[in-house]
1. What percent of all Cα-Cα pairs in region 67-120 falls in each 10 Å bin, counting up from 0?
2. Quick check on region 1-126: of the DSSP beta bridges with both residues there, what percent are antiparallel, nearest 5%?
3. With 10 angstrom as the radius, rank 238, 102, 192, 74 by how many other C-beta atoms surround their C-beta, starting from the fewest.
4. Looking at region 161-291 only, what percent of DSSP beta bridges run antiparallel? Nearest 5 please.
5. Looking at the chain, send over the antiparallel percent of its DSSP beta bridges, to the nearest 5.
6. Hey, could you get me the Stokes-Einstein D for the chain, Kirkwood radius over alpha-carbon pairs, 37 °C and 0.692 mPa s, rounded to whole µm² s⁻¹?
7. Considering every pair of different Cα atoms, what Kirkwood radius, in Å, is found for region 210-250?
8. Which of the three applies to region 145-299, rounded, prolate or oblate, going by the alpha-carbon gyration tensor with a ≥ b ≥ c and a/c under 1.5 meaning rounded?
């Protein structure tokens, strides 16, 4: 099924840039480390990373988002085509730079991150053009995954049009929310906040983590509130080193412990979760099976440095360990 599944990914796309090196001394100019440059690498980030996670698992993927008329966009599109991601849904807005996040890595540890981007709201004309481009690409897709990173591409108007279209056509609709970007999220197929985002969405203060998420009264209260307010078919709360909590109306929450053996970098792990969970559902998995599958996939990805993907062979190998 994965090879036949067609998925539209839309949202904030970006380029992730990594500058790798070594630190052996402190600068005489200021009390900061001096990085001795070794190499640079780039890869798709944001919603573009969701898209390449899906193609790595065999899905056919089209990506919709906004990029600038710049060299970063050219590099991003080239990388996406190498990952077999369709780029015709990318809309160029000349006055908006393509988002790029530059991470400085020394001895496998991130030292600092530099963001170059615009988070301003879309103009009415650009929003209408992007909405038309998205709607043109809904025909024949099995699922839509929305990657909202709070950069302005995912608007309430677009989301409402998308929800209505997916509901009428029987298309699965997944969304990874960013509470900093307030949207009305009622009626989605899947929402995948992390713990911090779940508490923020519920408007509740987080307290100390309990050792067992399945007995964490604060977390369970948040899950119950989100199910009651937003009415998603499924709510999957990712919990870092505690795994994830699958929540569904009418059923007790189900805790899946983490599958990670080593954690080097959690950046992009949420992209892997929403991509692999959605694809498992399209393949006919039950929600608990899909959660276990996405948990295993995330466990592989956090063992790599940088935003990463997982292949079927890596997944199988991790299950044998």
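1. Histogram of Cα-Cα distances, whole percents per bin: 22, 40, 30, 7.
2. In region 1-126, approximately 50 percent of DSSP beta bridges are antiparallel ones.
3. By the 10 Å Cβ count, ascending, the order reads 74, 102, 238, 192.
4. Working: 8 of 13 bridges.
Percent antiparallel among DSSP bridges in region 161-291 is about 60.
5. 45 percent
6. D, rounded to a whole number, is 163 µm²/s.
7. Taking the inverse mean of 1/r over all distinct Cα pairs, region 210-250 comes out at 10.5 Å.
8. On the way: a/c = 1.44, a/b = 1.27, b/c = 1.14.
Rounded shape, in that the Cα axes give a/c under 1.5.
None of the figures in this text is laboratory data; all of them are computed from the coordinates on show. Predicted, not measured: the structure shown is a model, and the values here were computed from it. Virtual Cβ from ideal backbone geometry, glycine too; neighbours counted across all protein chains shown.
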